[in-house]
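Just below is one structure, and these are the notes that go with it.
The values are calculated or read from the model by the stated rules, or taken from the named source; none is laboratory data. Worth saying up front: this structure is predicted, and the values here are computed from it rather than measured. All Cβ positions, glycine included, derive from the backbone under ideal geometry; neighbour counts span all protein chains shown.
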Number of protein chains: 2
Amino acid sequence: MNKTSFSAFTNNYKDILEKELKKNVEKLVAPTNLKDSMLYSLNAGGKRIRPLLLFATIQAYGKDPLIGLLPATAIEMIHTYSLIHDDLPSMDDDDLRRGLPTNHKVYGEATAILAGDALLTYSFQIMTNMKQCNIPADTILTAIGLLAEAAGAEGMVGGQVADIEGENKALNQQELEQIHLHKTGKLLEVSVIIGAKLAGAANTEMKLLKQFAYHLGLAFQIRDDILDLEGDEALIGKPIGSDMDNHKSTYPKILTMDGAKSELDLHIRQAKDHLASLHINSAILEEITDLIAYRNN
Amino acid sequence: MNKTSFSAFTNNYKDILEKELKKNVEKLVAPTNLKDSMLYSLNAGGKRIRPLLLFATIQAYGKDPLIGLLPATAIEMIHTYSLIHDDLPSMDDDDLRRGLPTNHKVYGEATAILAGDALLTYSFQIMTNMKQCNIPADTILTAIGLLAEAAGAEGMVGGQVADIEGENKALNQQELEQIHLHKTGKLLEVSVIIGAKLAGAANTEMKLLKQFAYHLGLAFQIRDDILDLEGDEALIGKPIGSDMDNHKSTYPKILTMDGAKSELDLHIRQAKDHLASLHINSAILEEITDLIAYRNN
């Protein structure tokens, strides 16, 4: 696939997604300050990797990506709430996110916590609205169950707790992978899986898609760790070396920088191998894989 | 209804509910500290008013209350997460809840926030498990949508934001009611409505049930305000007069103590009148109404 049609795909669906995020929050009958705080973080940009993965998976099966607009919106809201809560003083205590003051720096801690709670809750309400798109109720229920599992104690939230517990400890590679497979990987995986379910993929294909997402999730985190040391502060939007300051275990620390880069290449190759074995139209999924592997922010 | 059979009802269903809460968290494959923190607040007691309302509504329509066990579990998890987040230093900054140290005092702020997030997320996963109880997928989706609406920006979370914004302001009675109808009322209402939907109540009856819940929600809050001034500290489990200290608007402050008590009686009478107009077997719902109105904690 050429770069022009890939960027046409991403620009088109990012634009549709961002309008949907905004529209859904604006129509809420709720305190203005709460809505502003929710919109502030939703509008703060970001690569929209999870929605793009969901859209691209549907497209790979020859279906209209927009049948996934509501779950893509829900997943981006969950991702956004997790960033708001992660940035709080009692967690990572970050002042900047994507070059802007973090939510609690602008709206205060109480409102930031509640904006996160509201985004998480709203995401499940938005999932139920899929019935307006002629998706069978059983399929929607399955998707809600998978999303809650990926986002909760057995997924993202559990990963965040393990991440906090792992600070100031020298973790081995396996322990580090377990943290990131939960904290980051599960929500990436469920984006692919919900897309595949909506597109009518066979259950037998889910295993290969999960393996694709497994390697994609680890690649995502390794790139994150590399950027924390070698990235451009202006592009990342937060200070370089903050993982070092936080005494966090990272891939470069465990494997050396060269080792981390080889590990990244390995996961990218394996992700693409799993994609290739699926015999779907995976051009855009491959581009997203490269985007994750070689991004600058 | 005699007191013995009412307390048999509450003891029986509280016991079943508490076992279900515990079972669902214990089976999670998640960090031990996270599960302990979730269980700590779930096990800290409480009147289980919302689950009892849900069970009693189903019983009033002659159905088995246990068809509502999973939504009752989900609603109690949402109620519990809201208490954990409300108690945080950046919100009400409470050290005690039901006579025990608050969650963040035991597990730290980060874990308390994440335990709340995990409970909220898990509640929606548990809702999807209702399909194991032969409840139609469409009914479950409707219930999930209603629960998310009641718990989110347009309901409980919005009410909590309005409550914080109302501190240090002299609110009038209407403003105070709007806060409490959202912060407390919506989750009580949805407990009744989900119970009624599961029992197959007609849509025309929902309006009367909502009016019942409306008065019940206001009665609940007025009693709370009265207890904050006249209650027994040992029974309430937190210091008397804390609303005064927080410069919060309360019913006794706006209406005088006698006025607040008359207002409480009025809402209880109206709640019971709406129940009576439904021609259902409402004996237990009436007992719960009295329990809310005249409780000591």
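A few points about this structure:
- Matching entry among A:ILE75, A:ILE67 (being away from chain B (no Cβ under 14 Å) and not basic (Lys, Arg)): A:ILE67
- A:ALA44 satisfies every condition listed in (1) in a helix (DSSP H, G or I); (2) within 17 Å of the chain's Cα centre (by Cα) except (1).
- Scanning segment B:94-138 for residues that are in contact with a Gly (Cβ under 7 Å, 6 or more places away or on another chain) and within 15 Å of B:THR73 (Cα to Cα), we see that the one that is surrounded by the fewest Cβ atoms within 10 Å (Cβ to Cβ) is B:GLN125.
- Residue ID - farthest from B:GLN160 (Cα to Cα), chosen from residues in segment A:44-56 that are in contact with a Lys or Arg (Cβ under 9 Å, 6 or more places away or on another chain) and crowded, with 23+ Cβ neighbours inside 10 Å: A:LEU52
- Among (1) free of Cβ contacts under 8 Å to residues at least 24 places away in the same chain; (2) on the phi > 0 side of the Ramachandran plot, the one test that B:SER90 misses: (2)
- Leading residue by the ranking (nearest to the chain's Cα centre (by Cα)) among those in segment A:254-297 that are closer than 26 Å to A:ALA202 by Cα and not in a helix (DSSP H, G or I): A:SER282
- Only helices (runs of 4 or more DSSP H) whose full extent lies in segment B:109-179 are considered here, and the ones with at least 2 residues that are in contact with a Lys or Arg (Cβ under 9 Å, 6 or more places away or on another chain) and within 7 Å of chain A (Cβ to nearest Cβ) are B:137-151, B:156-166.
- Annotation: B:LEU96 fulfils all but one of (1) at pLDDT 95 or above; (2) closer than 29 Å to B:ASP232 by Cβ; the unmet one is (1).
- Scanning segment B:47-82 for residues that are charged (D, E, K, R), assigned to a helix (DSSP H, G or I) and over 15 Å from B:THR121 (Cα atoms) yields one hit, B:ARG50.
- Hits in segment A:1-39 - residues which are within 18 Å of the chain's Cα centre (by Cα) and either hydroxyl-bearing (Ser, Thr, Tyr) or modelled with pLDDT under 95 (or both): A:THR10, A:TYR13
- Residues in segment B:14-43 that are of a type in the set (Ser, Thr, Tyr) and surrounded by fewer than 19 Cβ atoms within 10 Å (Cβ to Cβ): B:THR32 alone.
- A residue that is polar (S, T, N, Q) and over 15 Å from A:ILE254 (Cβ atoms) occurs somewhere in segment A:190-199.
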